[in-house]
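Engineer: Here you go, one structure.
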Amino acid sequence: MFQYVYPQFEKKRLLRVEMLDQLRDYPKDYLQLSYQGYSDGIVSGCKVSWDEGRLTLLPGIVWKGGNLYFMKEPYTVDCQAENQVRYLKIQFLTEVREVGKVMGNTRILLDAQEADPACEIELCRFRLQEGARLRGRHESFEDYATEYDTINLIHVPFAGEGRSTLMPCILKQFAIETIRNRVQDPYDVGFAMNVMANSGMVSPDCVREYLNVRLDGLKMERNQDVYRGLLKVLREQEYGGRKAGTERMEQKKVLLM
């Protein structure tokens with residue numbers, strides 16, 4: 001049955017162990033149940049920036065193996081130009097049990113090996129050339145796939161119900177460009193407004209079903225597949241907008257004549 005139990009603190013009453021257990025377990029149980037059935041991935045934060053040869057990972061929360069991991073302070077790591085693809089990732093260590101506590105620890109690594117989904121989560125990848133600056137600000141949806149000197153977030157798993165999905169910032173950029181394209185397709189309009197209303201945090205199934213309708217049922221198993229599908233939709237929108245604009249111009253010419 002459903003119930004709630006809160007400890008009641010009163011003057012001249014003994015503080016029982018059960019009361020402390022209730023304070024400890026309630027927030028943990030709430031969070032565990034809230035993310036039940038979610039895939040491993042980023043939950044919040046974890047933004048990456050670069051400045052003068054150092055990468056900085058901002059505070060955030062990740063979900064891995066049924067547990068939430070919190071990082072409350074920024075973390076920096078040396079990052080020099082090597083002109084090869086490098087991966088910033090979280091490596092999850094074996095759980096440690098000590099008297100009075102259980103700890104789940106991690107390491108943050110920057111190397112040339114792609115993340116192993118069994119024990120790691122990718123935070124970004126990039127290819128920094130000598131003399132260049134690594135930028136984290138993206139000018140357009142297509143810019144997220146820029147190969148050189150740009151932080152790539154396409155492969156980063158964002159925790160979602162059942163499976164991971166693209167980071168909210170990527171989906172928001174798609175929605176912004178869709179709206180600016182002044183599309184008439186109800187699927188495009190509805191999806192874009194849904195993304196904007198939820199700050200980019202929409203379910204993986206919502207994204208994939210939208211693409212299934214727009215792209216005739218193409219399979220979208222990986223993040224990069226979803227990204228390419230969304231990019232194809234944007235290009236179709238842009239082509240349709242240019243074509244419609246040309247037709248309007250021709251109609252105006254006919255009227256003038």
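The values are calculated or read from the model by the stated rules, or taken from the named source; none is laboratory data. What you see is a predicted model, and the numbers here were worked out from it, not measured in a lab. FYI the Cβ positions are ideal-geometry reconstructions off the backbone, even for glycines, and counts take in every protein chain you see.
Engineer: Can you run down the residue pairs with Cβ atoms below 9 Å, 6 or more apart or on separate chains, where the first is in segment 100-118 and outside the structural domain of residue 63 (by TED's automatic domain parsing) and the partner is assigned to a loop (DSSP other than H, G, I, E, B)?
Structural biologist: Hits for this filter: zero, empty list.
Engineer: Is it true that residue 194 is closer than 30 Å to residue 116 by Cα, under 18 Å from the mean Cα position of the chain (by Cα) and not hydroxyl-bearing (Ser, Thr, Tyr)?
Structural biologist: Values: closer than 30 Å to residue 116 by Cα: no; under 18 Å from the mean Cα position of the chain (by Cα): yes; not hydroxyl-bearing (Ser, Thr, Tyr): yes.
Against the criterion (closer than 30 Å to residue 116 by Cα, under 18 Å from the mean Cα position of the chain (by Cα) and not hydroxyl-bearing (Ser, Thr, Tyr)), residue 194 does not qualify.
Engineer: Take segment 36-51 and flag every residue that is outside any strand (DSSP E or B) and crowded, with 16+ Cβ neighbours inside 10 Å.
Structural biologist: Step one: list which residues in segment 36-51 are outside any strand (DSSP E or B), which gives 36-37, 39-40, 46-47.
Within segment 36-51, 39, 40, 46, 47 qualify.
Engineer: Restricting attention to segment 148-163, which residues are closer than 11 Å to residue 201 by Cα and either of a type in the set (S, T, N, Q) or in contact with a helix residue (DSSP H, G or I) (Cβ under 6 Å, 6 or more places away or on another chain) (or both)?
Structural biologist: Listed by number, the list holds a single entry, 160.
Engineer: Then there is this: It is to be established whether one or more residues within segment 57-72 are surrounded by fewer than 11 Cβ atoms within 10 Å (Cβ to Cβ) and either assigned by TED's automatic domain parsing to the domain that holds residue 221 or at negative phi (or both).
Structural biologist: Within segment 57-72, one or more residues are surrounded by fewer than 11 Cβ atoms within 10 Å (Cβ to Cβ) and either assigned by TED's automatic domain parsing to the domain that holds residue 221 or at negative phi (or both).
Engineer: Any idea which residue in segment 52-106 is farthest from residue 123 (Cα to Cα), counting only those that are acidic (Asp, Glu) and assigned to a strand (DSSP E or B)?
Structural biologist: Within segment 52-106, the subset acidic (Asp, Glu) is 52, 73, 78, 82, 95, 98.
Remaining after also requiring assigned to a strand (DSSP E or B): 78, 98.
On the way: 78: 15, 98: 29 Å.
Looking at the filtered set, the residue picked out is 98.
Engineer: Another question, if that's okay. Please verify whether residue 133 is assigned by TED's automatic domain parsing to the domain that holds residue 91 and among the charged types (D, E, K, R), treating the condition exactly as stated.
Structural biologist: Numbers: assigned by TED's automatic domain parsing to the domain that holds residue 91: yes; among the charged types (D, E, K, R): yes.
Against the criterion (assigned by TED's automatic domain parsing to the domain that holds residue 91 and among the charged types (D, E, K, R)), residue 133 qualifies.
Engineer: Kindly evaluate residue 150 against the criterion of being in contact with a Gly (Cβ under 9 Å, 6 or more places away or on another chain) and in contact (Cβ under 8 Å) with a residue 12 or more places away in the chain. Break it down stepwise before answering.
Structural biologist: Working: in contact with a Gly (Cβ under 9 Å, 6 or more places away or on another chain): yes; in contact (Cβ under 8 Å) with a residue 12 or more places away in the chain: yes.
Criteria met by residue 150.
Engineer: So how many residues does segment 208-238 have that are under 18 Å from the mean Cα position of the chain (by Cα), basic (Lys, Arg) and either under 13 Å from residue 177 (Cβ atoms) or buried (at least 20 other Cβ atoms within 10 Å of the Cβ) (or both)?
Structural biologist: The total comes to 0.
Engineer: Conditions: (1) small (Gly, Ala, Ser); (2) surrounded by fewer than 18 Cβ atoms within 10 Å (Cβ to Cβ); (3) closer than 23 Å to residue 32 by Cβ. Residue 112 meets all but one. Number of the miss?
Structural biologist: Of the numbered conditions (1) small (Gly, Ala, Ser); (2) surrounded by fewer than 18 Cβ atoms within 10 Å (Cβ to Cβ); (3) closer than 23 Å to residue 32 by Cβ, the odd one out for residue 112 is (3).
Engineer: OK, next. When you go through 191, 141 one by one, which is the residue that is farther than 25 Å from residue 54 by Cα and assigned by TED's automatic domain parsing to the domain that holds residue 85? Before the answer, list the steps.
Structural biologist: On the way: 191 fails: assigned by TED's automatic domain parsing to the domain that holds residue 85.
Just a single option satisfies the conditions, and that option is 141.
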